[in-house]
Amino acid sequence: MPALAQMFGYLFGAIAIGVPIAFALLFCAMVTGMQLGSAADSQVMAAQLMRGTDSIAMMALPFFILTGELMNRGGLTHRIIDLCKATVGRVRGGLGYVTIIACLLFGSLVGSAVASTAALGAILIPMMAKAGYDRARSTALTASANLVTPVMPPSVPLIVYGATAGVSIQSLFLGGLAPALYLTLTMCAVWFVISRTKENVQEAPTEPPTFTELSKLALGAFWALLLPVIILVGLRGGVFTATEAGVVAVVYATIVGGVIYRELSIRTLFEALRSTAKMSAVVMFLAAAAQVLAYYMTISGLPDIITDTFSGLADNPTLLVISLMLFVILIGTVLDVIPTILIVTPIVVPLLEAADVDLVYFGIIFTLANVIGLITPPVGPSLNVACAVGKVKIDHVIRPVLPYLLAQTSLVLLMGLFPEMIMVPLEWLSP
Amino acid sequence: MTFRAATERAMSTLFRAIEIMMVIFLISMVLFVFLNMALRYLFDSGLVWSEEIARLCFIYLVYLGAVGAFRENRHLGMHTLLERVPLPAQKTLYTIVQLIIIWVMVLLVSGSWDLVVQSMGDRWVATQYPRPLIYAIGLITGLAISLMALMNILRLFAFKLTVAELLAIPDDDTDLLRQAAN
Amino acid sequence: ACGGGDDETTTITLANVWDIDHPMSQAVDEVFTAQVEERSGGALQVDTFHGGTLGSEDELWDSVRNGSIDAAIIGSGMNQEYPTMLISDWPFLYRDLEHAQTVWTTSDVATDLAEDFHDQFSSTQVLAWGPNSARTFSSNRPLESVEDFAGQRIRMPGNPIHLEIAELFGANPQVIPLGDLFTALETGVVDGQDNGMVTLIGEALYEVQDYVYETNHITAVLPFVTNDHFLEELSPDHREIVREAAADTAAAAWQNYLDGIEHEVEFLEENGVTVTQPTEEEREQMIDRLAPLYEDLYDEHEWAEDLVHEIEAVE
Ligand code: NA
Ligand code: NA
């Protein structure tokens, strides 16, 4: 434990004095490496940084950011927003609920939160800001609402957990449905409270639209609204993979923005590309730096720490699960979801079997605890992407993201206390 | 034109070129993934090397982008403390930050160099792209960022720029921000 | 090898990319770790990292070369630099799996190649050759004979040899990243794939596949690689303990793998997968179809034909 505390100390100390997070992660990793006296540290850093970048799984990130940029510059976004204003504009914070529901829908299509945050954040954050919502609040909402993506099947974390723990992935997917719903409802509840405040959401009140106005708006937004439909049908129908979906979206948005709406020029197209390239690089470089630290956390005995801390709790399953969840949320501040699952799962499965904890149930709650790490700084991939595409400084979203963080943590602990919340719906759904 | 203005102009041109390269990599990623998918439906076949080219472009995009982002202060970080302490303390902290960055980037250069040497005979499977050229990008990134961090210290003490000026994010593609502000 | 506290103990860092259920990971835990720690009286400790937590095969290969880890079990990282290792990807190289076991555990081929390997990469040594689960095809469309390959979309790894195999069988090979594979099979972007049965079960691909055609077309080996400097720093006694334990680990892994296949097939059938073993005739048919591939490989690598004959000659 002291080694771990020291590591956190270096990292947060460096970040506090203003070292950019990516470099603070590398700094912390290198100091740790030198203390361990392990060989070839600079090579380890160079190699692990490359490993973090050479990731096909992350390639969807630039594609979906680009889609968002193209939609914004090609006139797709403002047509959707006009339609949304006319329909949900009279509900206070209406676009926020649109965001939450869009995340749930998108989450039923893709398996990782980063792609969905990129896709939805790049479109919805500018939209909300334009509609008079506080930019940082909108960014925090979008980052948090995307936690549902890896819980709602399909889910990359659940696949990785299932493969590592030897649990049926189909059962895990079924088990994820109810918690995805809980998460969505929790998000709505928190947003309901936040959107009451004037400075958070300053919406221009809209008159109810006439039928002619509404149909005109709907007709205008038709091609833009077809984009999510194409992605939905294409993914479900097995036409393309999740990564390819990003490219399909890019091509479609370019054609609609350039040829149909004629708002996308060569110049704005170039701007969209340039801006996407920069944002992707920032987020990816940080994720790659986190990979370097993950390596050192693994090699410096994190697995032993977990064994030592939790092996004594086998006779109290509830306490075991809850303390494991708190631990996962803690290390989730600096470790990404997949590394945590890969490191923790093989160690805790024997403990869980000894304590008679259902491995499907555990997989779900474990994934939920893990994905909270997506919005905890400094390594909060979903938060980082949302900040990049929302063009907000990370210091400014920490406070706005707190309510969601607390709510989601409470939800996880509640499920730790009442496994029925997961198991009962799972039994209904199981064939 | 002063020496300083001339260097800044040269740097702007260089970074403009980097941006254009990044855009080319991004377009290539889109094209090759799209091509692979199109071939599946048009010719019932796939390209063995499309995945590797996309990976390659992604790697170069990220490493070059990290350099560009450093110049424009776009790497995510927290400046709450830095912005609130008195000016002399600001200068000290800012210098420490730059020194930390230089240290890790010098390590990146040395580690990348070792990997370049070690992987000299190695290639990727499908494209036969030499692996040393992959690690070489770490060399370039580490070198470029450590030089820029050194320049930052120079700008702070020799050119008398303030920390706030040094932390400023340039105001180029802010269409969206302006749009949002309206 | 990190000295841990006092000078008496040496910790051996060993990593691989396989889950704990892989025969090789199991043998490492049950044979290597146990034997090394016991025979050295605790002076040698083994720290294992399974499941790719320290990196993919390429990174582990780099790490064991530069000594940031002491040992690794890795398939393909060195193949491009040392083309002899490409035989790992060559189809139908063995009469059956027992033949592969003999070649890589007791024959001269194994010892000769280990020596050759050290000549090629002087900073490393291969102590033993373990098994990787032999690749077989699976699909959602009936796949019970060689003819069934025709027109099926099969995901193959992004490696020219693998792609050509599927093509020569009459399938339409597709390159899709492993991470997208599960959902690609589920939604029908592709019909099938090829992987070892261990992966088919471990990655739960059987949940979205209905047919397995047990071709065992590629039986790759997993060299147990150590860093040379680490090995030389050990006392002669300890070095011998490590060497013997590595050999025993590989031998145990081969035996466990071969013994476990029956259970894997049973497991797949219990989960509704139709498993078909090719007849001897079908096997010949597949080998015939791959003749052009072998011609190309022989043209490309002048050592290849001799090595293949050497392997064939192993009883
Ligand atoms: Na999902
Ligand atoms: Na986090």
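The values are calculated or read from the model by the stated rules, or taken from the named source; none is laboratory data. Since this is a predicted model, take the numbers as computed values, not measurements. Backbone-built Cβ (ideal geometry, glycine too); neighbour counts: all protein chains shown. Side chains are part of the model used for accessible areas, which takes the heavy atoms of the whole protein and leaves out ligands, DNA and RNA. Shrake-Rupley method; radii C 1.70, N 1.55, O 1.52, S 1.80 Å.
Taking amide H atoms as placed 1.01 Å from N in the peptide plane, list the residues 5 or more away in sequence, or in a different chain, whose amide H sits under 5 Å from that of A:S38. Here nothing satisfies the definition. Per-residue Karplus couplings for segment A:246-257, computed as 6.51 cos²θ - 1.76 cosθ + 1.60 with θ equal to phi - 60°, are listed in order as x, 6, 4, 4, 4, 5, 5, 5, 5, 5, 5, x Hz, Gly and Pro entered as x. Measuring nothing but protein heavy atoms, the accessible surface of segment C:249-315 at 1.4 Å probe radius is 46 percent carbon and sulfur. Going from the isolated chain to the complete set of protein chains, segment B:53-72 loses at least 20 Å² of heavy-atom accessible area (1.4 Å probe) at B:R55, B:F58, B:I59, B:L61, B:V62, B:Y63, B:A66. Each Lys and Arg Cβ is given +1 and each Asp and Glu Cβ -1; about its Cα centre, segment B:75-169 then shows a dipole of about 140 debye.
Work out the mean other chain Cβ neighbour count within 10 Å for the residues of A:394-402 and drop it here as an integer. The per-residue average across the peptide is 2.
Taking the Cα centre of chain C as origin and assigning +1 to Lys and Arg Cβ atoms and -1 to Asp and Glu Cβ atoms, the resulting dipole is close to 640 debye. Counting only protein heavy atoms and a 1.4 Å probe, segment C:229-309 has 56 square angstrom of accessible area per residue. Legend: residues A:K391, A:K85, B:K160, sorted from most to least accessible area (1.4 Å probe; ligands, DNA and RNA excluded), read B:K160, A:K85, A:K391. Here's the picture: charge each Lys and Arg Cβ at +1 and each Asp and Glu Cβ at -1 in chain A, and of A:I17, A:I343, A:N72 the one pushed furthest to the positive end of that dipole is A:N72. Using only the Cα atoms of segment A:141-275, build the gyration tensor, take square roots of its eigenvalues as a ≥ b ≥ c, and label the shape rounded, prolate or oblate: rounded if a/c is under 1.5, else prolate if a/b is larger than b/c, else oblate. Since a/c reaches 1.5 but b/c is at least a/b, the shape of segment A:141-275 is classed as oblate. The H on the amide N of C:Q174, modeled in the peptide plane, is under 5 Å from the matching H of C:I154, C:R155, C:M156, each at least 5 residues off or on a different chain.
Between C:I12 and residues 5 or more places away or on another chain, which pairs have amide H atoms under 5 Å apart, with H built 1.01 Å from N, and which residues are they? Those lying under 5 Å, H to H, from C:I12 are C:Q45, C:V46, C:D47.
Between the helical axis of A:394-417 and the longest alpha-carbon principal axis of chain A there is an angle of about 60 degrees.
Here the translational diffusion coefficient of segment C:1-145 follows from Stokes-Einstein with Rh set to the Kirkwood radius across Cα pairs; for 20 °C and 1.002 mPa s it amounts to 126 µm²/s. A Förster radius of 41 Å, combined with the Cβ-Cβ distance separating A:T210 from A:V424, puts the computed FRET efficiency at roughly 0.30. Compute the whole-percent fraction of alpha carbon pairs in segment A:1-148 spaced more than 21 Å apart. So the pairs more than 21 Å apart make up 59 percent of the total in segment A:1-148. Pull out a ≥ b ≥ c, the square roots of the eigenvalues of the alpha-carbon gyration tensor of segment C:241-315, then state rounded if a/c is under 1.5, prolate if not and a/b is larger than b/c, and oblate in the remaining case. Because a/c hits 1.5 or more and a/b fails to exceed b/c, segment C:241-315 counts as oblate. Each Lys or Arg adds one and each Asp or Glu takes one away; over the other residues whose Cβ falls under 10 Å from the Cβ of A:G301, this sums to -3. Interface residues of segment A:247-289, defined as those losing at least 40 Å² of solvent-accessible heavy-atom surface relative to the isolated chain (probe radius 1.4 Å), are listed as A:V247, A:F270, A:L273, A:R274, A:A277, A:K278, A:A281, A:V282, A:F285.
Computed from the alpha carbon atoms alone, the convex hull of segment B:1-72 holds 73 Å³ per residue. Expressed as a whole percent, the accessible surface of segment C:189-233 that belongs to carbon and sulfur atoms is 36, based on a 1.4 Å probe.
For the protein assembly as shown, the Kirkwood radius over C-alpha pairs fed into Stokes-Einstein at 37 °C and 0.692 mPa s yields D = 114 µm² per second. I need the shape label for segment C:105-230. Rule: rounded when a/c is under 1.5, else prolate if a/b > b/c, else oblate, with a, b, c from the alpha carbon gyration tensor. Verdict is prolate for segment C:105-230. Taking Cβ atoms as reference points and 10 Å as the exclusive limit, the residues near A:R137 contribute a net charge of 0, counting Lys and Arg as +1 and Asp and Glu as -1.
For chain B, relative contact order (Cα pairs under 8 Å, six or more residues apart, normalised by length) works out to 21 percent.
Only one residue of B:F32, B:G65, B:S110 has its Cα farthest out toward the positive end of the dipole of chain B, where Lys and Arg carry +1 and Asp and Glu -1 on Cβ, and that residue is B:S110. Roughly what % of Cα-Cα distances in chain C sit above 25 Å, to the whole percent? Cα-Cα pairs in chain C separated by more than 25 Å: 51 percent. For chain B, the dipole from Cβ point charges (+1 on Lys and Arg, -1 on Asp and Glu) about the Cα centre works out to 440 debye, to the nearest 20. For the pair B and A, the buried accessible area comes to roughly 6100 Å² in total, with a 1.4 Å probe and the value rounded to the nearest 100. Quick one: with all protein chains in place, what share of the accessible area of segment B:1-72 is carbon or sulfur, to the nearest percent (1.4 Å probe)? Heavy-atom surface of segment B:1-72 belonging to carbon and sulfur, 1.4 Å probe: 72 percent. For chain A, the relative contact order works out to 26 percent when only alpha carbon pairs closer than 8 Å and six or more residues apart are counted. With respect to chain B, whose longest principal axis is taken over its alpha-carbon atoms, helix B:50-71 is tilted by about 10°. Most tightly packed first, judged by the mean number of other beta-carbon atoms within 10 Å of their residues, the peptides A:366-378, A:325-337, B:115-127 read A:366-378, A:325-337, B:115-127. For A:I230 and B:I24, a Förster radius of 30 Å and the Cβ-Cβ distance give a FRET efficiency of 0.65, rounded to the nearest 0.05.
Considering only alpha-carbon pairs that sit under 8 angstrom and 6 or more positions apart, the relative contact order computed for segment B:75-169 is 31 percent. Taking chain A as the reference, fit the longest principal axis to its C-alpha atoms, fit the long axis of helix A:113-130 to the helix C-alpha atoms, and give the angle between the two in degrees, 0 to 90, nearest 10. The two axes meet at around 40 degrees. Within chain A, the ratio Rg/Rh, alpha carbon atoms throughout and Rh by Kirkwood, equals 0.98. Per-residue mean of foreign Cβ neighbours for C:67-80 is 3 (Cβ atoms of other chains, 10 Å radius). Across the alpha-carbon atoms of segment B:75-169, the computed radius of gyration and Dmax are 17.8, 57 angstrom.
The alpha carbons of segment C:22-92 stretch over 41, 30, 21 Å along the principal axes, in descending order. For chain B, the per residue solvent-accessible surface stands at 48 Å², with DNA, RNA and ligands left out and a 1.4 Å probe. Per residue of peptide B:117-130, the mean number of Cβ atoms on other chains within 10 Å of the residue Cβ is 4. The calculated P(r) of chain B, using every Cα pair and 5 Å bins from 0, goes 1, 7, 11, 15, 16, 14, 12, 9, 7, 4, 2, 1, 0, 0 in percent.
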